[in-house]
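The values are calculated or read from the model by the stated rules, or taken from the named source; none is laboratory data. Quick caveat: nothing in here was measured; it's all calculated off a predicted structure. For neighbour counting, all protein chains shown are included, and Cβ atoms are generated from backbone atoms with ideal geometry for every residue, glycine included. Side chains are part of the model used for accessible areas, which takes the heavy atoms of the whole protein and leaves out ligands, DNA and RNA. Shrake-Rupley method; radii C 1.70, N 1.55, O 1.52, S 1.80 Å.
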Amino acid sequence: MEIQGRIVVGESMEVVEGTVMVEDGRIVEVRGEAVETDDVVIPALVNAHTHIGDSVAKETGRGLPLDEVVAPPDSHKHRMLRSTPRDEKRAAMRRTVERMRSEGVGVFGDFREEGVEGTEDLRAVTDDSPVKAVALGSGPPEVLDVADGYGASGARDDGFTEEREEARRRGKPFGIHAGERDADDIDGAFAYDPEFLVHMVHARDEDLDRLAETETPVVACPRCNLVIGVGKPPVEELVEATTVALGTDNVMLNVPSVWRETEFVSKHYDLPDEEVLRMATVNGARALGVEGGVIEEGAPARLVVLRGDRSLADVDDVVAGVVRRAGAGDVKDVILPASQA
Ligand SMILES: [Zn+2]
């Protein structure tokens, strides 16, 4: 397969006119050459933190404090999940995955509630989708039989020592929410030596130092933080300290659009456009322990072709156009490997 256009190449996000050659789901060559089209080719987006299980509860729970809306086991979210039949939850999750795919998401990392059963539901709705789901399960350590890793709700909710150890033993990632409402659960989260942290809205100077020392990636979810009213994460400082990815968090509260997330981040923070695009692609892959997120030889061929004749027409700075203007209506094609490999 050959994909042509203005290609956003490598981690530097350099724009090269030419052709991406794909064989067996891998990029085999990026060839600079004159092409006829003004399409723009970018790595498929990575939504590094979602909870698609609550797709059944869109626009409910608004205005409640954080713990009442999402904390296990008796918050609004968990009551909604318990009271909804499994087939309805699966159907809603399926719609969310398809929405993300159609917008150009190639990989997402989901913190799935409801223990083993919840992770089985996520598997059931993604196994036949080309979108790669990184299932971060919850509940007992045995969830790691079916999950790709463990997604802990937070250090103040419960102890996760056994789950953390089991994830390590199996070579699977352990991620945990931290510093969303306040800084009180950050020390506890670091104590698990997680593969990544989610939120860090309330990261203190010493936390930024620890992130830098331990090179622990952070998934920031600034738009969802806004819905819950916990404040804005210090994204510029986090970017200075470590690898920062983007997530849209609870579908219940926030539409899972990485495009809206990049625009928001680009306009609320002073960051290079290339950095914002890395946050929405390669950094997410890195945080989740997944290969790719970048257009280079040997990488999995997860690509999005954006049409050059709408939002991206008349924009000289292609990457700025991509992170600040592009959206679902610009997506011409989403190219993903057939399997979940
Ligand atoms: Zn979350």
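Report whether or not Ala241 is open to solvent by less than 40 Å² (accessible area, probe 1.4 Å), within 23 Å of Ala71 (Cβ to Cβ) and in contact with a Leu (Cβ under 9 Å, 6 or more places away or on another chain).
Details: open to solvent by less than 40 Å² (accessible area, probe 1.4 Å): yes; within 23 Å of Ala71 (Cβ to Cβ): no; in contact with a Leu (Cβ under 9 Å, 6 or more places away or on another chain): yes.
No, not satisfied.
Taking the criterion of being under 17 Å from the mean Cα position of the chain (by Cα) and surrounded by fewer than 22 Cβ atoms within 10 Å (Cβ to Cβ), the only residue of segment 139-171 that qualifies is Ser153. Among the residues of segment 34-69, those that are surrounded by fewer than 24 Cβ atoms within 10 Å (Cβ to Cβ) and of a type in the set (A, V, I, L, M) comprise Ala34, Val35, Val56, Ala57, Leu64, Leu66, Val69.
List the strands (runs of 3 or more DSSP E) that sit entirely inside segment 231-341 and contain at least 3 residues that are over 23 Å from Glu180 (Cβ atoms).
Details: elements: 244-246, 303-306, 331-335.
Correct list: 303-306, 331-335.
Return the total of residues in segment 258-272 being surrounded by fewer than 19 Cβ atoms within 10 Å (Cβ to Cβ) and in contact with an Asp or Glu (Cβ under 9 Å, 6 or more places away or on another chain). Looking only at that region, the number is 2. Among the candidates Arg90, Arg95, the residue that is open to solvent by 40 Å² or more (accessible area, probe 1.4 Å) and in contact (Cβ under 8 Å) with a residue 40 or more places away in the chain is uniquely Arg95.
Among the helices (runs of 4 or more DSSP H) confined to segment 50-165, there are none with at least 2 residues that are not assigned by TED's automatic domain parsing to the domain that holds Arg223. Tell me whether segment 91-99 contains one or more residues that are at pLDDT 95 or above, over 28 Å from Val304 (Cβ atoms), of a type outside the set (A, V, I, L, M) and more than 16 Å from the ligand (Cβ to nearest atom). Checked segment 91-99: no residue is at pLDDT 95 or above, over 28 Å from Val304 (Cβ atoms), of a type outside the set (A, V, I, L, M) and more than 16 Å from the ligand (Cβ to nearest atom).
One residue is enough: does segment 185-207 have a residue meeting the conditions on the phi < 0 side of the Ramachandran plot, among the aromatic types (Phe, Trp, Tyr), modelled with pLDDT of 95 or more and part of a helix (DSSP H, G or I)? Explain how you work it out, then say what you get.
Taking segment 185-207 and keeping what is on the phi < 0 side of the Ramachandran plot, we get 185-192, 194-198, 201-207.
Then drop every residue that is not among the aromatic types (Phe, Trp, Tyr), which leaves 190, 192, 196.
Among the residues that remain, those that are also modelled with pLDDT of 95 or more are: 190, 192, 196.
Retained after the next criterion (residues that are part of a helix (DSSP H, G or I)): 190.
Checking segment 185-207: at least one residue is on the phi < 0 side of the Ramachandran plot, among the aromatic types (Phe, Trp, Tyr), modelled with pLDDT of 95 or more and part of a helix (DSSP H, G or I).
Scanning segment 169-184 for residues that are part of a loop (DSSP other than H, G, I, E, B) and within 14 Å of the ligand (Cβ to nearest atom) yields Gly179, Glu180, Arg181.
Quick one: which of His78, His49 is under 17 Å from the mean Cα position of the chain (by Cα), at negative phi and within 16 Å of the ligand (Cβ to nearest atom)? Don't jump to the end; show me each part of the working.
Details: His78 fails: under 17 Å from the mean Cα position of the chain (by Cα).
On inspection, the qualifying residue turns out to be His49.
Conditions: (1) surrounded by fewer than 23 Cβ atoms within 10 Å (Cβ to Cβ); (2) under 15 Å from the mean Cα position of the chain (by Cα); (3) within 16 Å of the ligand (Cβ to nearest atom). Gly247 meets all but one. Number of the miss? If we test Gly247 against (1) surrounded by fewer than 23 Cβ atoms within 10 Å (Cβ to Cβ); (2) under 15 Å from the mean Cα position of the chain (by Cα); (3) within 16 Å of the ligand (Cβ to nearest atom), just (1) comes out false. Among residues of segment 46-69 that are within 22 Å of Leu336 (Cβ to Cβ), those with a beta-carbon under 6 Å from a residue that is within 11 Å of the ligand (Cβ to nearest atom) and among the aliphatic types (A, V, I, L, M) at least six positions away or on a different chain give the pairs Ala48/Val219; His49/Val198; His49/Val219; Ile52/Val251; Ser55/Val251.
Figure legend. Inter-residue proximity from segment 235-250: first residues farther than 24 Å from His51 by Cα, second residues open to solvent by 10 Å² or more (accessible area, probe 1.4 Å) and away from the ligand (no atom under 16 Å from the Cβ), beta-carbon distance below 6 Å, spacing 6+ or different chains. Indicated pairs: Glu236/Tyr269; Glu237/Leu208; Ala241/Leu208; Ala241/Ala212. Here is the figure for segment 317-341: residues that are closer than 30 Å to Asp127 by Cα, of a type in the set (Gly, Ala, Ser) and open to solvent by less than 30 Å² (accessible area, probe 1.4 Å) total 2. Residues that are open to solvent by 30 Å² or more (accessible area, probe 1.4 Å), free of Cβ contacts under 8 Å to residues at least 60 places away in the same chain and within 16 Å of the ligand (Cβ to nearest atom) are absent from segment 297-316 altogether.
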